[in-house]
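Working notes, structure below.
Every number in this text was worked out from the coordinates using simple rules, so none of it is lab data. Remember, predicted model here, so these are calculated numbers, not experimental data. Methodologically, a virtual Cβ is constructed for each residue, glycine included, from the backbone with ideal geometry; neighbour enumeration extends over all protein chains shown.
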């Protein structure tokens, strides 16, 4: 049988062909037995691409990759997109809380689905993913935590693609290390309010004609160390007036769902350790009594969420208070105080004592810090805070202890003779 040759007189291997237009073709059967073909203008790497034609890999290089894929059981399917595998992956995560699943879907749909999700899974390489993350960081100003969250969303999808035989390597492996190079990748640390800042803030709220309506809720947040979802989900039956304790046994979430709207849902606490009883300080007890009187006068919360009702905190319309509204209120209070304080300081020719920007979670951190400053039993602090990992408690305790050491040395400055 006469050997086939190309137009340059080179012998063609089995299943290699040259088309009338000069293109080379390699034919093979895929994993399912279906006939497939790939094409290239170049037979080997040293060939030049004809003028006006698109650059591509040589046919022999394609053959090598195809044979390797066939040997390793890698399946090439043009209709397997990243979006397809993501939808499959998230549907299999049945252990996730609905709120967590909704949050994952929101992040993926907002930042990934229309950006790279439409691409074929086998065609997404490291360089494409590096460019995707660089765009988020440089052009859109994403913070490290958001980048890490998006990475955690899609890395396991590529792992699924490897297990299902669509790709050999995960294009995200090692990418976080490379992204950190040459960048300040330190996550902004959450700080507690100082005692002075705490005193200024609560005094300002208590004496402000508009903002004082927020005082009972803010007092309970800083006086219990509750997460915002735990606090807003509290019902009156969770308050044990006789024993002076608050039962934390569920969590209220307010998240964007696949319905296209934000919705309230009641879930279990963040961790099993989150189920706990918190003793009431007198200020907290009085704040709850004040809130109870307000509800008697104005009516209680009208909402029932997943079978839960009789909620303690509601907005002016009688509906459940949401965490975004509380954080917006904090932002407004702080900005208003700082503006007024700046004006006063200018009139009085002194330096202004300003408040830092902080959120509800900073109030939780502040409570934990005050606890660490006055309580030496780490286990009690961990249980009150509902920390699943004691290392979280220890981090705050050690930071608080360092502040105490600095304060102690400041007092001792000049009293201890060194030289």
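Computed quantities for the displayed model
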item	result
Mean shadow area of segment 278-370 over all directions, Cα convex hull, nm²	8.7 nm²
Label-zone membership for segment 320-340, site residue 259, 7 angstrom Cα→C-beta point, backbone N under 20 Å	320-325
By average C-beta atoms within 10 angstrom, highest first, the peptides 124-130, 366-372, 52-58	366-372, 124-130, 52-58
Along principal axes, Cα extents of segment 1-158, largest first, whole Å	68, 36, 21
Stretchable slack from residue 96 to residue 149, in nm (0.36 nm times residue separation minus alpha-carbon distance)	17.5 nm
Average Cα contact separation per residue, segment 16-72, under 8 Å, 6 or more apart, as relative contact order %	26 percent
Where only C-alpha atoms are counted, convex hull volume of segment 195-404 per residue in Å³	146 Å³
For segment 79-233, the spread of Cα positions along each principal axis, largest first, Å	64, 39, 22
Binned Cα-Cα distances of the chain, short to long, each 10 Å bin given as a whole percent	4, 15, 20, 20, 14, 9, 8, 6, 3, 1, 0
Cα-based Rg and Dmax for segment 221-319, where Dmax is the largest Cα-Cα distance (Å)	13.8, 44
Relative contact order %, the chain, counting alpha carbon pairs below 8 Å whose residues are six or more apart	11 percent
Between helix 195-206 and the chain: long-axis angle, C-alpha atoms, 0 to 90°, nearest 10	70 degrees
Folded to 0 to 90 degrees: helix 144-163 orientation relative to the chain principal axis, Cα	40 degrees
Angle between the chain longest axis and helix 59-72 axis [Cα atoms, degrees, rounded to 10]	60 degrees
Using a Förster distance of 41 Å, the FRET efficiency for residue 199-residue 173 (Cβ separation, nearest 0.05)	0.25
Mean Cβ count within 10 Å, highest first, over the residues of peptides 287-300, 152-165	152-165, 287-300
Mean ellipticity per residue at 222 nm, deg cm²/dmol - from DSSP H runs of n ≥ 4 across the chain, formula -39500 (n - 2.57)	-14500 deg cm²/dmol
Å³ per residue enclosed by the Cα convex hull of segment 116-186	86 Å³
Potential lengthening between residue 328 and residue 45 on full extension [0.36 nm per residue; Cα-Cα distance subtracted]	95.8 nm
Computed over segment 16-72, Kirkwood Rh from alpha-carbon pairs, angstrom	12.0 Å
